[in-house]
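Everything on this sheet refers to the single structure shown next.
Every read-out reported here was derived from the displayed coordinates using simple, explicitly stated rules and does not represent laboratory data. Note that this is a predicted model, so its numbers are computed, not measured. When we count neighbours, we look across all protein chains shown, and the Cβ atoms used for this are built from the backbone with ideal geometry, even at glycine.
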Amino acid sequence: MTFRQFAYRNVVRNRRVYAAFFLASVFSVMVFFLYSMLMFHPGIGERFITGITVIGMTSADIILYVFTLFFLFYSMRAFMQARADEFALLLQIGMERRQLGRLLFFEMLLLGAASIGSGIIAGFAFSKYFFMIVKEVLDLPELPLYLSWQPFALTAGAFLSLFLLIGVMSSWIVRIRDIHDFRKGIGAAADPFDYSATKAAAGLFLLIASYAAAPLAGRVNVLYLAVLLPPAATLGTYYFFSHTVLWVLDLLRKRKSIYWRHARLVSFAETAVKIKDNANMFFIVAIVSTVAFLSVGTLASLASYTAQYRALNPLGLVYLSQPGNPDEQTHIASLERELKQRGLSYEEVPLTVVREHSSFSGQPLNVLRESEVNRLARVLGREGVRLRPGEAAFLPYSPDAASRLEGAEIDTVLEQSGVKVAVRGTMNDLLFPAYALGTNSIVLSETDFIKAASAQADRLYTFYAFDVPNWEETVGIGLGLSARMSQAALHNGEEALPFFFENPGSDYAVIRSTFHLLLLTGLLVAAVFLLAAGSFIYFKLYTMLDRDRRQAAVLRRLGFTDREFVKIVNRQLVPQFFLPWGLAMLHSTFAFLSLQAIWKEITDLSIVKEMALVLIAFTVIQLLYFYLIRWRYLAHVKGSV
């Protein structure tokens, strides 16, 4: 038997140790390959992969690469700990450390080659289905499978370098470290209740302070909280697992009515030992799970914005002409011509806008005419408004603003024209997007509007509202006007333009494709993170398998039944699986509260439903993963496999 054959048989013989590692590696390679196939696809690269999407997908590839490097390194250390007795035996019968390092290097290359090959094959096999999903996300007519050397070369080169690096590192570590150091794993701590009360309290304080500050996030202080809260929560998480949990268990240990009851003594003692020895692993799993939850939750909130986009933007096209705009009729004629060329039915409603100042608030105020607003309401199928002379109504800029302004009563004077009005309540329906008219607009009766407009006859604005039933098909209409708007925005010269133009349908197409692609990217990255997080726990369970088997044998001799043994195992496994997961869920919940507060201020958007679905989905996945690992663990401990 050659040396390389020995390495191959070592991998085959230890397939149970390497199973979770191999599956996680294959999945990482597959996800990386799918991203590469999408980025190099000739059918969507020019049309739908925007700058934000390219940055997002490239970042996902980099994150996957770096995280896989960390995952492989951590896994390699776990394998060394699980096989410490085997390494000691090999050294005892005459193998040199240099040869042992070569053995590990070959084993890692074999695993790497198998993972890369399997991941690329699985990725290419799944590519057609992946493209079908992307086709639905981007609403494309077709997204065919293609064959190119670039995705294959990028994936193989990236992961081959990873496995080579890990192979060299494992070979180097085994040469300089004492093999017996790897055997100091579970149970090495002399006192599992050796903790610092100060750090235990600090962990609780940092977490509670972070949770209390999270709902206070807003557009003003979001940058400060983004800098302060993550480090505080991360440090609090580390102290929580390394000190706070042990402090809580120590308090329970002192309550003998709780501790000295049935098999709780065994369960609590073992839980303390495993938490003490695996604090770093629990910390890593909690942080990785939090990142997975937040990435999917954040991107889901962006996708939620696209779902509510139409309600917030009821018009198909928006054109606002300032006084003295020489190109007003040319622009309007051009938009009408483009709509007709596309065969799109539309209804155009021009509205006259007077800019005033309110004596009540001292703020600028947009004033619109009752008859024109009611005509637009009829076109949109909304409810109009009836006003008497001297009365006015608010024009809401969002559904939340409509609910807040309902029943509001304000008496004010329009300072430029001297018209006195009593603003009573608001229109029930949203007729204008917030960016088109601003957040302070009212509608006046015919009589009062004529007075206000007469006082500023040479400073009247004209707002052209286009109702386009098939508004999603307006992509590309008004490209020249949009280009001028973008150019002015880049040079901070939007106010110098004599007009404002917006095409919500075109914006929606870009936003929808970008956000949905990023959501798909985030889901795949989160799946890799969660699989790796579960693999960390699996590795640790396997490294303590021999010790747990001996404990199980002792408990059986003491008379414990299988039912009692399963109960003890549950009490030990539940904290290992659900303590990091539970803390990650808490982190994510309060982070989502911050995100909800920010979304409320920016677009008046509610993401509660999306966040609940994300957390529930991850809960179900974690429960399934727990029962799968528990089933395999019990089988190993009982010696049935």
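Ranked highest first by average number of other Cβ atoms within 10 Å, how do 287-298, 350-361 line up?
Per-residue mean Cβ counts within 10 Å order the peptides as 287-298, 350-361.
Can you work out the Karplus-derived ³J(HN,Hα) for every residue in the stretch 383-398? Use 6.51 cos²θ - 1.76 cosθ + 1.60 with θ = phi - 60°, whole Hz, and x for glycine or proline.
My calculation for the stretch 383-398 gives 7, x, 9, 10, 10, 9, x, x, 9, 8, 9, 5, 9, x, 9, 7 Hz in order.
I'd like the trypsin sites (Lys or Arg not before Pro) in the stretch 450-528 restricted to DSSP loop residues with at most 14 other Cβ atoms within 10 Å, sorted by number.
Answer by residue number: 459.
Only loop residues by DSSP count here, and only those with at most 12 other Cβ atoms within 10 Å; note down the trypsin sites (Lys or Arg not before Pro) in the stretch 366-413 that meet that.
386
For the stretch 338-465, treating each Cα as an identical point scatterer without solvent, what Debye log10 I(q)/I(0) comes out at q = 0.11 1/Å?
Each listed q corresponds, in turn, to -0.37.
In whole Hz, with x marking every Gly and Pro, tabulate ³J(HN,Hα) for the stretch 471-480 from phi via Karplus 6.51 cos²θ - 1.76 cosθ + 1.60, θ = phi - 60°.
5, 6, 8, 8, 4, x, 6, x, 4, x
Where in the stretch 369-413 are there GluC sites (Glu not before Pro) that are in a DSSP coil and have at most 13 other Cβ atoms within 10 angstrom of their Cβ?
When the GluC sites (Glu not before Pro) of the stretch 369-413 are filtered for loop state and at most 13 Cβ neighbours within 10 Å, 383, 406 remain.
Rounded, prolate or oblate for the stretch 289-371? Axes are the square roots of the Cα gyration tensor eigenvalues, ordered a ≥ b ≥ c, and the cut-off for rounded is a/c under 1.5.
oblate
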